[in-house]
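I have placed the structure first, in the form of structure tokens, so that the comments after it can refer back to it.
Every read-out reported here was derived from the displayed coordinates using simple, explicitly stated rules and does not represent laboratory data. Only a predicted model underlies this, so the values are computations on that prediction, with no experimental measurement involved. Backbone-built Cβ (ideal geometry, glycine too); neighbour counts: all protein chains shown.
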Amino acid sequence: MKFVIKSAIGIGLASIMMISTAQAHPRIVSSTPAANGAIAKPSRLTIRFSERLVGPLTGATLVSVRAGHVTTIPTATALDLSNKILIVKLAQPLAAGRYQLDWHAVSVDTHRVQGSLAFRAI
């Protein structure tokens, strides 16, 4: 009887853990540059996520913020082989100034998240 109760509890806990995992959203693990950080003449930006992402549904827009004007910077985005790192390729290194990377990501379990990463190029 004790074995049956322990087994039922174990199965229940495992089910809860699986539901929690299945309902997780991708989150940022790290980025280059770091949020609110500074970087010298970057030619690419990266964001590492906690989960694998869907390439066609994941991307980013880079803007410069100068004297109250927002200008979109041309970029190309791709995922690395693990599908966990969003790579933002720049046509040329960024000039000194303030920038904001607006990103959106969809994980393989179809959860969509979005956010912004502000930084300075020096």
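Side notes on the structure shown:
- Taking label points 7 Å from Cα along the Cα-to-Cβ direction, His104 and Ala38 give a separation of 3.3 nm.
- Local electrostatic count, Gly97, Cβ distance below 15 Å [Lys/Arg +1, Asp/Glu -1]: +4
- Per-residue Cβ neighbour rank within 10 angstrom, fewest leading, Ser107, Ser64, Ser31, Ser43: Ser43, Ser64, Ser31, Ser107
- Residue-span extension gain [Ala24 to Thr71] - 0.36 nm each, minus C-alpha spacing: 13.5 nm
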